Every structure is written in C-alpha cells, then in structure tokens.
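Reviewing the structure listed below.
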Amino acid sequence: MRTTKLTPDEVRSLYKMHGAALAAYACSFGLDHASAQDVVQQLFLKLLEGRPLAPHAPVAYLYRATRNASLNLRRNLRRETDLHTAELWFTHPGGGHDEVLNLQNALKELPDEQREAVFLKVWSGMTLQEIADVTGTPLNTVASRYRYAVEKLRERLIQRFRR
Amino acid sequence: MSLYDDETERYLAEFRPRAVQPLEPMPKGRDAPLLWVAAVVAVVLLAVGLLWFAHREAGRLREAANIQPRKVSATRAWRYESTLALTRLALEDGERLESLLAGESRKELPPCRGEQSTLSVLAKE
C-alpha cells in the first residue's frame, strides 16, 4: 500500500477535527479520559515526527490505531473502568450527567465494528460511503453495522429518548 | 434508514466528545546532546581498541617474520613462537628448520648416537 507523510499542518488539522472523538473512542475501550488523551496524543505525535500512513484513509487509520493502542494500554494497565462511576467522555448541551453515562455505557456494549461505524459517522462526520471506502468494507456491510448499532443504542436510550 | 433512526442519529449528534488538550510536541531531546556525546565516545573507544589490536597483531607478525635461526636454536623460545613462524622458516629454509628441530630434539631426547650415547653404553655392556 502506498504511504505518504502528512505535513505538520495536516496532522494538526486532523487532530483538531478528530482528536476529541478519538479520545472518546479510546474511552469506549475502558480507558479513563486522561489515558485516552495520552493514547491519541502519542498517535498524533508519531505522525508529527513523520510516520507515514496511507493517504487515502488517514481517519480510518487513526481509528484503528487508537483502538489497538487502547486495547494494549488497557491490557497493560489491567484495570477496568467501573461502568457506573466512569467519568464522562462526552458532553451534552442539556448537561445531563445520566444521559451521558447512559450513552457511554450503551456504546461500550456495542461490538467493535459497530461502535467504530457510529463514531466515524456521528462524531467524525463521514458518510457511509466514505466509511466503506476508508475501511475497505462493502457499503452494505457498513450500512448494516451502523443500522444495528443505532437500533441498539435507541433501545438502550429509549427511556430517556421518549421524554 | 427510518425516520426514527434519523431521530436517534440526531439525538446522538447532540452529544459532543469531551475536548482534548492541544497537540503539543514533546520538547525535542534535552537528552539528545548527551546521547550524541555518548555515541561519539563509544565510537572513539571502539576505534582506539581496534587500532591497538591491529598494532599488536602487526607487531607479532613482524616479530614472527624476523625470527633468526641462530637465536631460535640458542634458546628454547622457538617453542612458543607461532606455527606461522615455523611454517615460514620451513618454506624459506628447510635445512635450517631441520637443524633447528634436530638441535632441539637432542636436548629433549636421550642421546642415541656417538661413543658416549646411551645406546653405545648399553651395547658394550
């Protein structure tokens, strides 16, 4: 696969656009927010130092790398974040603490591929077609993953959602 | 996707990931100069070691090449010289090597020739 180095400006731009979502994504693997930020920062610092990556799929690469680094760190730390006392890795305009925790817990219960699809679509702003392109997955598969994920999230959040 | 899912999606989009700290490259190498110095010292030490070794080996070879038969026969030091020197001597002057070996063997073995040799004495008896 052809790779290229991003310029520092491109790396900073990617960080600005996706850094927060990637940190939240890392949290969904059980990391606390500080560790998640470290994971994401390390990843981008490597890019700043000139690590090459596939030019057509930087966002997909970032998500995959974040997932791998988070799982490694989680394995090394051998600790789990308590689902009920977990810190918040999302904010909500209404400021609802419970609402955020509800969403976080629901996200954690999703299979990895579905969770990745939700993050890429909702918080990284990609279309299903773009997700299919950058992850090398058929569009139908991506659409199914996303649909199932949203259904599961809706079921989990439905009580709050109906208010 | 159903309208209901669109609504769910909009609801999800209301949540925003918590902000992260700005990307700040780590200060590059406060330890870098020290690493450079350590690397240079290591290279210099290695080079000095190699030079010393090469010099020592060259000296040995020179010494071995300059072995004089008379000196060798006068002492028993030849025993401790390298096989290289003996080989060289054999190639350059076979007779000298023979005499050297014969001389040295006489020092080691009981005499078996001449009037006072052990064999002669035994034969007379």
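The values are calculated or read from the model by the stated rules, or taken from the named source; none is laboratory data. Because the structure is predicted, anything quoted here is derived from the model rather than measured. Cβ placement follows ideal geometry from the backbone for every residue including glycine, while neighbour counts extend to all protein chains displayed.
Computed values, structure above
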| quantity | calculated |
| --- | --- |
| Selection count, segment A:30-40, where residues are in contact (Cβ under 8 Å) with a residue 40 or more places away in the chain, in contact with a helix residue (DSSP H, G or I) (Cβ under 7 Å, 6 or more places away or on another chain) and either surrounded by fewer than 22 Cβ atoms within 10 Å (Cβ to Cβ) or in a helix (DSSP H, G or I) (or both) | 4 |
| Checking A:V122 against (1) of a type in the set (A, V, I, L, M); (2) buried (at least 17 other Cβ atoms within 10 Å of the Cβ); (3) over 17 Å from B:E14 (Cα atoms), the condition it does not meet | (3) |
| Failed criterion for A:V150 (all others in (1) assigned to a helix (DSSP H, G or I); (2) out of contact with any Asp or Glu (no Cβ under 6 Å at 6 or more places or on another chain) hold) | (2) |
| Residues located in segment A:123-137, provided they are among the β-branched types (V, I, T) and under 14 Å from the mean Cα position of the chain (by Cα) | A:I131, A:T135 |
| Qualifying residue in segment B:59-66 (condition: more than 30 Å from A:K46 (Cβ to Cβ), modelled with pLDDT of 75 or more, more than 14 Å from every other protein chain (Cβ to nearest Cβ) and exposed (fewer than 10 other Cβ atoms within 10 Å of the Cβ)) | yes |
| Test: residue in segment A:131-150 that is acidic (D, E), without any contact (Cβ under 8 Å) to a residue 40 or more places away in the chain and either surrounded by fewer than 22 Cβ atoms within 10 Å (Cβ to Cβ) or touching a Gly at 6+ places or on another chain (Cβ under 8 Å) (or both) | no |
| Only one of B:A47, B:A102, B:A90 that is modelled with pLDDT of 85 or more, away from chain A (no Cβ under 14 Å) and either touching a strand residue (DSSP E or B) at 6+ places or on another chain (Cβ under 6 Å) or surrounded by fewer than 12 Cβ atoms within 10 Å (Cβ to Cβ) (or both) | B:A47 |
